[in-house]
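Structure first, then comments.
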Amino acid sequence: MLIDGHGRKVNYLRVSVTERCNFRCQYCMPEKPFSWVPRENLLSFEELFLFIKVAIDEGVDKIRITGGEPLLREDLDSFIKMIHDYKPDIDLALTTNGYLLPQTAQRLKDAGLKRLNISLDSLKPEVAQQIAQKDVLKQVLKGIDAALAVGLGIKINMVPLKGINDDEILDIIAYCRDRDIKVRFIEYMENRHANEALRGMHGKEILEKVKEGHTIRALGREGASPSFNYMLDEEYEFGLIDPHKHDFCESCNRIRLTAEGNLIPCLYFDEALSISKAVKDGDIEAASQVLATVLRDKPKENRWNDFDPKDEDISARAFYETGG
Ligand code: SAM
Ligand code: SF4
């Protein structure tokens with residue numbers, strides 16, 4: 001079992017397989033990067049897998065593949081199969097913008113993927129285009145249908161932004177409820193790469209909007225999940241991911257690995273240690289040592305609550321590197 005320096009059980013590894021993306025979301029990578037990391041700087045699937053095996057052997061039982069847009073990485077299904085075959089009962093999930101799902105959903109399912117989180121910020125083509133800076137909606141909706149058709153479990157992620165998609169919260173709920181899909185509203189997390197003009201809705205404001213059309217009852221956090229759940233009209237459950245809330249980090253169970261091999265204890269802070277040399281040398285002992293150090297030094301809590309762009313500790317890393 002993996003325990004961090006604050007006594008929290010860590011069993012969840014998020015693995016970013018690329019920082020590349022086919023969208024340019026305003027809250028993630030509106031302009032930069034101007035060029036992508038050269039492919040040779042990325043760890044190969046075999047190298048990532050060596051670390052994943054170490055993490056699984058030491059207690060990780062939940063893995064999420066993310067990016068950038070993970071479906072842009074070639075042969076992703078072979079990587080998913082490697083993980084699945086090593087531990088078939090692992091909770092293996094992927095976060096995607098959904099654009100490439102129409103042609104990949106079946107292969108992902110066949111490789112052993114269990115669940116998908118798909119980002120859907122708007123049901124209006126022009127608003128989806130404003131956020132992603134590309135005409136994406138039709139293809140994303142097709143992707144959701146394709147994933148449902150092959151029997152993948154789905155959750156929808158929406159980031160509500162003031163003056164942009166804040167009038168669509170009830171519509172997104174209706175869309176998801178009709179399809180029996182859980183939606184999770186994610187508070188916008190301020191970061192140095194996003195469009196500076198963006199203002200996110202705080203959890204309280206999101207809940208106020210939901211209450212305009214429904215009754216809601218708080219259910220609480222689901223284990224160590226970042227999502228605080230609510231029952232809507234006594235029949236549909238949705239979640240709120242609220243990193244600005246003071247108790248958000250109390251049950252944090254996750255660490256993150258970037259495509260270049262940086263192991264990150266907390267999304268907010270800059271600290272990270274590289275596993276690159278260890279896995280390139282095939283040195284399991286060294287990989288395990290990096291994991292132990294990152295766990296020991298995992299910060300107690302983020303500082304989004306009183307976000308100050310001048311905070312020197314805040315990570316300069318972008319969400320497209322860490323995978324959100
Ligand atoms: N490209 C995939 C996608 O968009 O789902 C996976 C990577 S993306 C970085 C992972 C998640 O992070 C998405 O649900 C996205 O909406 C969310 N995200 C990105 N930037 C964010 C920000 N500044 N605040 C809150 N969520 C953010
Ligand atoms: Fe790409 Fe996802 Fe970032 Fe949007 S949030 S730019 S889809 S990585």
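The values are calculated or read from the model by the stated rules, or taken from the named source; none is laboratory data. Just so you know, these numbers come straight off a predicted model, no measurement behind them. When we count neighbours, we look across all protein chains shown, and the Cβ atoms used for this are built from the backbone with ideal geometry, even at glycine. To get the accessible areas, we keep the full protein, side chains included, count just its heavy atoms, and leave off ligands, DNA and RNA. Shrake-Rupley method; radii C 1.70, N 1.55, O 1.52, S 1.80 Å.
The helix-based estimate of mean residue ellipticity at 222 nm for the chain, built from -39,500 (n - 2.57) per DSSP H run of four or more residues and divided by its residue count, is -9000 deg cm²/dmol to the nearest 500. Reducing segment 130-150 and segment 239-275 to their Cα centroids gives an inter-centroid distance of 27 Å.
Please find the FRET efficiency linking Asp311 to Arg39, where r is the Cβ-Cβ separation and R0 is fixed at 22 Å, and quote it to the nearest 0.05.
So the FRET efficiency works out to roughly 0.10.
Would you please classify the overall shape of the chain from the alpha carbon gyration tensor, given that a ≥ b ≥ c denote the square roots of the eigenvalues, rounded means a/c under 1.5, and beyond that prolate means a/b larger than b/c while oblate covers the rest? It is rounded, given that a/c, with a ≥ b ≥ c, falls under 1.5.
Sequentially through segment 275-285, phi angles give Karplus couplings (6.51, -1.76, 1.60; θ = phi - 60°) of 9, 4, 4, 4, 6, 5, 7, x, 9, 5, 4 Hz, Gly and Pro residues having no value and appearing as x.
Of the GluC sites (Glu not before Pro) found in segment 29-100, those that fall in a DSSP loop while having at most 13 other beta-carbon atoms within 10 Å are Glu31, Glu74. With a/c under 1.5 counting as rounded, go ahead and sort segment 1-105 into rounded, prolate or oblate using the C-alpha gyration tensor (a ≥ b ≥ c being the square roots of the eigenvalues; past the cut-off, prolate if a/b is larger than b/c, else oblate). It comes out prolate by the Cα gyration axes. Solvent-accessible area of Asp308, all protein chains in place: 60 Å² (probe radius 1.4 Å, heavy atoms, ligands and nucleic acids excluded).
Semi-axes of the equivalent ellipsoid of segment 185-231: what are they in whole Å, largest first, if each equals the square root of 5 times a C-alpha gyration tensor eigenvalue?
Equivalent ellipsoid of segment 185-231: 24, 16, 5 Å, largest first.
Were the residues from Asn195 through Glu126 laid out at 0.36 nm apart, the gain over their Cα-Cα distance would be 23.0 nm. With all protein chains in place and a 1.4 Å probe, the accessible surface of segment 149-268 carries 46 percent carbon and sulfur. Over segment 51-108, Cα pairs under 8 Å with separation of 6+ residues give a relative contact order of 47 percent.
Distance from the Cα centroid of segment 71-111 to that of segment 23-47 is 19 Å (rounded to whole angstrom). Remark on Leu257: its backbone amide H falls under 5 Å from those of Arg14, Val15, Ser16, Ile264, a criterion applied only to residues 5 or more positions apart or on other chains, H modelled at 1.01 Å from N. Phi angles of segment 291-299 translate, via the Karplus equation with coefficients 6.51, -1.76, 1.60 and θ = phi - 60°, into HN-Hα couplings of 4, 4, 5, 4, 5, 4, 9, 4, x Hz per residue; Gly and Pro are given as x. Counting only alpha carbon atoms, the long axis of helix 137-149 and the longest principal axis of the chain meet at about 70°. Between helix 169-178 and the chain there is an angle of about 80 degrees, using the helix long axis and the longest principal axis of the Cα atoms. Normalised by the number of residues in the chain, the average gap of Cα pairs under 8 Å and 6 or more apart makes the relative contact order 22 percent. A crude spin-label estimate for the pair Gln103 and Glu285, with each label 7 Å from Cα along the Cβ direction, gives 4.7 nm.
Ranked by the mean number of other Cβ atoms within 10 Å of their residues, highest first, the peptides 82-90, 259-267 fall in the order 259-267, 82-90. With the cut-off at 1.5 for a/c, could you classify segment 76-212 from its C-alpha gyration tensor as rounded, prolate or oblate? Here segment 76-212 falls in the prolate category.
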